[in-house]
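Worksheet: the structure to be examined is printed underneath.
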Amino acid sequence: MTEHRDPETGFLEQLGQRVRTMRGLAGKSRKTLAKESGISERYIAQLEGGKGNVSIVLLRRVSNAIGVRLEDMIPSAELAPDWAVIRDLLRKATPSQIAQAKNVLAGGGAAAHRKMSFSGIALIGLRGAGKSTLGKMLAKKIGWSFVELNKEIEAQNGLSVAEIIALYGQEGFRRMEQAALGQLLARRELMVLATGGGIVSEPLTFDLILSSFYTIWLKAEPEEHMARVRGQGDLRPMADDRSAMAELRNILVSREPLYARASAVVDTAGLSVNDAASRLIDAVGPVLQSEPRMFARG
């Protein structure tokens with residue numbers, strides 16, 4: 001005899017999964033989320049386990065601490081894979097842009113698509129993937145400039161990433177990240193761009209990366225990510241957390257479907273720096289040879 005769950009139980013389980021996924025995308029541990037939201041770690045564990053009798057006020061505090069909108073926490077069937085990007089575009093659009101979009105969707109007029117200028121190669125992946133180290137080696141090999149997006153954000157705002165997040169929160173940082181990316185693209189220069197690990201969690205910014213760059217996901221095993229981050233002396237956001245490894249795995253699982261949208265994947269697991277660099281150079285070689293028109297300036 002098949003056992004049927006009541007709708008409320010199913011909803012709470014979906015809500016818990018969504019909270020856990022979004023926490024992973026934001027790169028936060030339960031302990032960090034509990035501290036920033038003012039809600040006990042035990043309650044957050046119950047919420048993620050589908051057993052939280054959540055109130056709208058507490059859910060709002062959780063969403064604010066993660067840095068997402070409250071409505072994004074509610075389980076719902078997305079209309080399309082790109083719905084999050086479309087939604088963010090609509091939120092930032094002017095009335096005339098919205099009217100034009102309605103006209104296109106209704107089938108009126110010719111849809112004019114502006115072709116994005118090709119800006120180079122972007123490296124995505126979790127911290128410790130080797131984006132900076134390998135990105136510099138790749139840029140030197142092919143004769144392009146190397147840019148770290150986080151350093152551009154710091155230079156443009158006169159604050160460190162940690163200070164920006166402390167002062168303006170995750171949402172404020174994402175706004176500055178998008179602005180810095182826009183200024184980089186306005187230069188119309190070919191570059192190798194190393195992005196922050198969480199850039200994939202901001203749909204509009206990540207879509208801009210995918211449409212402007214040949215994007216490569218630098219992938220490694222969780223243990224390697226952890227070892228490299230520890231070697232850099234940087235444990236954000238997993239400092240002093242006994243379950244750091246479990247949290248890291250959760251972040252990877254949450255972000256993998258987004259990282260997988262990259263044009264190519266370079267797995268650096270078990271490789272030396274030089275071997276990983278060779279594999280990365282091999283990955284971009286066919287693109288440089290077969291698509292010369294992509295690299296025309298202006």
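The values are calculated or read from the model by the stated rules, or taken from the named source; none is laboratory data. Values in this document were obtained by computation on a predicted structure and should not be read as measured data. Every residue, glycine among them, receives a Cβ derived from its backbone with ideal geometry; neighbour counts consider all protein chains shown. What goes into the accessible areas is simple: the full protein's heavy atoms, side chains included, and nothing from ligands, DNA or RNA. Shrake-Rupley method; radii C 1.70, N 1.55, O 1.52, S 1.80 Å.
Key figures for this structure:
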quantity: Residues within the range 193-224 that are at pLDDT 95 or above and in a loop (DSSP other than H, G, I, E, B), tallied; calculated: 1
quantity: Residue match in the range 140-157 (condition: of a type in the set (Ser, Thr, Tyr), more than 23 Å from LEU25 (Cα to Cα) and part of a strand (DSSP E or B)); calculated: yes
quantity: Hey, ALA129 at pLDDT 65 or above and under 24 Å from MET22 (Cβ atoms) or not; calculated: yes
quantity: Residue match in the range 264-271 (condition: open to solvent by 50 Å² or more (accessible area, probe 1.4 Å), assigned to a strand (DSSP E or B), within 21 Å of LYS141 (Cα to Cα) and at pLDDT 85 or above); calculated: yes
quantity: Pick from the range 272-298, criterion open to solvent by 30 Å² or more (accessible area, probe 1.4 Å) and among the β-branched types (Val, Ile, Thr), ranking: modelled with the lowest pLDDT; calculated: VAL273
quantity: Verdict on LEU252 being assigned to a helix (DSSP H, G or I), within 15 Å of GLY128 (Cα to Cα) and either modelled with pLDDT of 85 or more or aliphatic (A, V, I, L, M) (or both); calculated: yes
